[in-house]
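Working notes, structure below.
No value in this document is a laboratory result; all are computed from the given coordinates. Since the structure is predicted, the reported quantities are computational estimates derived from the model, not experimental observations. Please note: Cβ atoms are built from the backbone with ideal geometry, for glycine as well, and neighbour counts cover all protein chains shown.
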Amino acid sequence: MNKAASLIIFLLCFANISAWAQTDDLRTLVALAKQAKNNNENAKAITYYEELIKQSNSDVYYYDLYELYLVEQDFSSAEKLVKKRIRQFPQRGEFLVDKGNIAVVQKLEKDAEKDFNKAVDIALKDDRLTRSIANQFNKYKLYSYSEEIYLKARKAFKNDRLYQFELANTYGQLGKTDEMMEEYLTILGGNRSYVQTIQNLFSRVLNPDPDGIQKEKLKEMLLRRIQKNSNQEVFSEMLIWLYIQDKNFTGALIQAKALDRKNGEQGQRVFDLGNLALSNNELSVAEESFNYVIALKDSPYFLQAKMRLVNVLKQKVIGKKDFTEEDLKKLTNAYRSTISELGKSSYTTPLMRGLAEIQAYYQDSITKGIELLTEVINMQGLKGQIKAETKIELADLYLLNDEIWEASLLYSQVEKEFKYDRLGEIAKYKNAKVAFYTGDFYWAQAQLDVLKGSTSKLISNDAMDLSLLITDNVGRDSIIEPLQMYAVADLLIFKKDFDKALVVLDSIPKFFPFTTLKDDILFTKYKVSIQKREYQEAAKFLKELIADYAEDLLGDDALFALAQLEEEEFKNEEKAMELYKALLTNYPSSLFVVEARKRFRALRGDQLEEEIN
């Protein structure tokens, strides 16, 4: 290798080493600048960033330095920094927005307006500038300028469909809710694939809407568009959605029927609405929906509608506090006639299971219920999960009939077959309850301890509660008889023999005045009263528990339950809020804290105070 070549290689290596050294210095400087800024050592940070700007013209360093100048109210330096940026990049109008913002901070409105107007003019040159400059206005919450840019750009580019989501969001920031909703509806008219997105956006706009003003305005907008654009069904669908949000299922049904007839949907939309109404206990609308589908006769939803109609009648009867034997007779006749019409098959097993439930729990015909469920289990072509669910229901009936070991055997079968499934966990929990009822507390607790890790929150919590109950009342210093009596009462409650259960519960503190079960007894009485729909009586037991045993394990349970009663049954929102707040204050580690906070905020709406964190 000659000397010239060696020299070139040496120079190249030196250049690379020098570049590496500079890069390393820059990294060190960045780290020092960030550290100083994070430590609020602003003067030091400014020195570092000023050096960084000399070495690298990065926007990142520019904005960090710009922010620091404003924090330190060094407006002169900030303006020099921005003016230099504008000279370097005259087409980047966002720097004019930065300059105008400095004037705004100093309350120099006229100076700010000049810079902002120049930025708006630049924004109209092309789409990229429109978006970047509008975003810069948004950064400083100068939304009126963003609105101006989007509207002027539409005219300049001769396209009214541009910046629809951006403009709708800007309207929202400006509090122009009507314009925002209109913009979203225009988007929907052009592309129905945005239905779910816009429904989600409207959900946030319409909640809270205590006076229903925004919902009413949106309804008017939709009706106008339906009249003007009868072929755009998306607006009718949105109106159905809005009615459902407002719990106006009757209005939703009128629209659903109209769309069904117009499009020949064979009842699908109306059937789905009927199911939703049924789940919301809107029974008259559910009944009308399913009858509509049934009347179509050739609808693929005919059989399902027939079965759902029986469910509607069941909720009407069982949902009444004072249903009669005649009501039950009509219900069982509806089950039998529908089963007879549709035939017994794996498809109609929900009807057979429903009839078995009515017979066993409400007509004292446990044997008939057992026979019917056994027939379901032995049916050909039955899915494994349906068979397992039916086995659990059959085991429950055996338990009602005092056939304890038959019940336990069926629970064990399901537990084994669905070991890693929620069904298996349900069966395991029910089997642990069987052991509890029969006084085998140690075996029951062993099963419950396994279930504490259940993926189902409900099963996990129930298992934990029952396990704690056993722990507190079975031990060296405990008398086991009170817990045995409590277990007997618990089984009677399962059998819906409430009167006998209450007699047993009342006798426990009489015979064992020092029992630790007193709070559990009160809470169980509350649960019985709820099942009997005696809500005032339920509240009385909760208040007694809170007054005497607030420091015990069930204190927060009772407080949350009482708050729910006040909110949902007594419609006393002020009292409910007071109780939810008391739970948040007195039981900060309670499992009910998240739900209590959520309910408190819902009741308070947008008047939530900072005192509840």
Which residue, chosen from Leu174, Ala489, Tyr429, occupies the Cα position most advanced towards the positive end of the dipole of the chain, where the dipole is computed from +1 (Lys, Arg) and -1 (Asp, Glu) charges on Cβ about the Cα centre? Leu174
Quick calc, Ser279 & Tyr347: beta-carbon distance into FRET formula, R0 22 Å, rounding 0.05, result 0.55
Compute the Kirkwood hydrodynamic radius of segment 393-536, taking the inverse of the mean of 1/r over all pairs of distinct Cα atoms, and give it in Å to one decimal. 15.8
Along the principal axes of its C-alpha atoms, what lengths does segment 177-259 span, in descending order and rounded to whole Å? 33, 28, 20
Excluding same-chain residues fewer than 8 positions from Lys257, which lysines have a Cα within less than 21 Å of its Cα? Lys219, Lys228, Lys247, Lys297, Lys306
Taking the convex hull of the alpha-carbon atoms of segment 226-276 and averaging its shadow over every direction gives an area in square nanometres of 3.3
On each of the three principal axes of the Cα atoms of segment 354-402, give max minus min coordinate, whole Å, ordered largest first. 30, 16, 13
Peptides ranked, highest mean first, by Cβ atoms within 10 Å: ranges 307-316, 31-40: 307-316, 31-40
Degrees between helix 535-549 axis and first principal axis of the chain (Cα, 0 to 90, nearest 10): 70
Eligible aspartates and glutamates near Lys500 by straight Cα distance, threshold 13 Å, same-chain separation 8 or greater: Asp490
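Let me have the 222 nm mean residue ellipticity of the chain computed from DSSP H runs of 4+ only, each contributing -39500 (n - 2.57), with the sum over all residues rounded to the nearest 500. Mind showing how you got there, number by number?
Numbers: 32 runs with 464 residues, N = 613.
Helices in the chain give a 222 nm mean residue ellipticity of -24500 deg cm²/dmol.
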Selection of chymotrypsin sites (Phe, Trp or Tyr not before Pro), segment 522-613, meeting DSSP coil and at most 16 other Cβ within 10 Å: Phe570
Can you give the FRET efficiency for Phe511 and Ala295, using 1/(1 + (r/R0)^6), R0 = 56 Å, r = Cβ-Cβ distance, to the nearest 0.05? 0.35
Counting only Cα atoms, I'd like the Rg/Rh figure for segment 254-352, Kirkwood definition for Rh. 1.00
Residue-span extension gain [Asp548 to Lys419] - 0.36 nm each, minus C-alpha spacing: 42.2 nm
Under a point-charge model restricted to the Cβ atoms of Lys and Arg (+1) and Asp and Glu (-1), what is the dipole moment magnitude of the chain relative to its Cα centre, in debye to the nearest 20? 2700
What is the gain in length, in nm to one decimal, between Gln88 and Glu72 on full extension, counting 0.36 nm per residue of separation less the C-alpha to C-alpha distance? 3.3 nm
Given Cα pairs under 8 Å that are at least 6 residues apart, what percent is the relative contact order of segment 124-237? 16
Hey, if you put +1 on the Cβ of every Lys and Arg and -1 on every Asp and Glu Cβ in the chain, which of Phe165, Ala153, Thr186 ends up farthest toward the positive end of that dipole? Ala153
Could you give the C-alpha radius of gyration of segment 486-606 expressed as a fraction of 2.2 N^0.38 Å, taking N as the number of residues it contains? 1.12
Give the Rg/Rh ratio for segment 193-308, taking Rg as the radius of gyration of the Cα atoms and Rh as the Kirkwood radius, to two decimals. 0.99
A student asked for the Cα radius of gyration and Dmax of segment 429-511 in angstrom ought to give 13.0, 40
Quick calc: nm separation of the 7 Å Cα→Cβ label points for Ser340 and Arg204 -> 5.7
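Take the cross-link list Lys139/Lys176; Lys368/Lys433; Lys452/Lys575; Lys217/Lys314; Lys321/Lys428; Lys99/Lys155 and give me the ones stretching past 29 Å between alpha-carbons.
On the way: Lys139/Lys176 19 Å; Lys368/Lys433 24 Å; Lys452/Lys575 34 Å; Lys217/Lys314 38 Å; Lys321/Lys428 33 Å; Lys99/Lys155 27 Å.
Over 29 Å Cα-Cα: Lys452/Lys575; Lys217/Lys314; Lys321/Lys428.
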At 4 °C in a medium of viscosity 1.567 mPa s, segment 64-202 has a Stokes-Einstein diffusion coefficient, with Rh taken as the Kirkwood radius over alpha carbon pairs, in µm² per second, of 80
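How long is the gain from Val195 to Ser230 if the chain were fully straight, where each residue apart is worth 0.36 nm and the alpha carbon distance is subtracted?
Length gained between Val195 and Ser230: 10.9 nm.
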Please report how far the C-alpha centroid of segment 409-423 lies from that of segment 344-370, rounded to the nearest whole angstrom. 22
Average Cα contact separation per residue, the chain, under 8 Å, 6 or more apart, as relative contact order %: 4
How large is the convex hull of the C-alpha atoms of segment 274-419 per residue, in Å³? 128
In nm, to one decimal, how far is the modelled label at Lys155 from the one at Ala258, with both set 7 Å along Cα→Cβ? 3.6
With unit charges on the beta carbon (Lys/Arg positive, Asp/Glu negative), name the residue among Gly93, Tyr69, Asn138 whose Cα is farthest towards the positive pole of the charge dipole of segment 62-221. Gly93
Chymotrypsin sites (Phe, Trp or Tyr not before Pro) within segment 401-469: DSSP coil, no more than 13 neighbouring Cβ in 10 Å: Tyr420
